[in-house]
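Working notes, structure below.
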Amino acid sequence: MPGTIALRPVTPADEAFLLAVYASTRAEELALSGWTDEQKDQFCRMQFTGQDAHYRGNYPTAQLHVILKDGIPAGRLYVDRWEKE
């Protein structure tokens, strides 16, 4: 039987999880960088912080959600609904 999928709003307590989600999307390319783990972590933190600031600043009405599978955070979903779209 498939698990239960749900959404809940992002909270400040989700920052570490959201950073891990972001970092997971960059892992393959960073594996080729030759950087240390510390350098990769710093890079991902900087990029995540910039992306988060961009999304929040440019899409202030967006709904930011954590995707839950069986109550456990599994991803993120950011949606900004526009009148003409």
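Just so it is clear, none of the values below were taken in a lab; they were calculated from the coordinates. On a predicted model such as this, the values are computed, not experimentally measured, just so you know. Note: ideal-geometry Cβ built from the backbone for every residue, glycine included; neighbour counts use all protein chains shown.
Going toward the positive end of the dipole of region 5-79, with +1 on Lys and Arg Cβ and -1 on Asp and Glu Cβ, which of 59, 25, 12 do you reach last?
Projecting each Cα onto the dipole axis, the largest value belongs to 59.
What's the local net charge at residue 31, with K and R +1, D and E -1, over the other residues with C-beta under 14 Å away?
With Lys, Arg at +1 and Asp, Glu at -1, the net is -2.
Quick one: which residues, 5 or more positions from residue 7 or on another chain, have an amide H under 5 Å from its amide H? H modelled 1.01 Å from N in the peptide plane, none for Pro or chain starts.
68
How tilted is helix 37-58 with respect to the longest principal axis of the chain? Cα atoms for both, answer in degrees (0 to 90, nearest 10).
Relative to the chain, helix 37-58 is tipped by roughly 30 degrees.
Under 5 Å between amide H atoms, partner at least 5 residues away or on a different chain: which partners does residue 80 have, H built in plane at 1.01 Å?
63
Please determine, in degrees from 0 to 90 and to the nearest 10, the orientation of helix 15-30 with respect to the longest principal axis defined by the Cα atoms of the chain, where the helix direction is its Cα long axis.
50
Give me 54, 65 sorted ascending by neighbouring Cβ count inside 10 Å, so fewest comes first.
By the 10 Å Cβ count, ascending, the order reads 54, 65.
Please give the calculated 222 nm ellipticity per residue for the chain, where each DSSP H segment of at least 4 residues contributes -39500 (n - 2.57) and the sum is spread over every residue; nearest 500 deg cm²/dmol?
It comes out at -15500 deg cm²/dmol, rounded to the nearest 500.
Where Lys and Arg each count +1 and Asp and Glu each count -1, what net charge lies around residue 63 among other residues with Cβ under 13 Å from its Cβ?
My count for the surroundings of residue 63 gives +3.
Report, by chain and number, residues whose modeled amide H sits under 5 Å from the one on residue 75, excluding near sequence neighbours (fewer than 5 apart, same chain).
Answer set, sorted by chain and number: 67.
Counting Lys +1, Arg +1, Asp -1, Glu -1, what net charge surrounds residue 40 among other residues with beta carbon under 11 Å of its beta carbon?
-2
Equivalent ellipsoid semi-axes for the chain, as square roots of 5 times the alpha carbon gyration tensor eigenvalues: give them largest first, rounded to whole Å.
That gives 25, 19, 11 Å for the three semi-axes.
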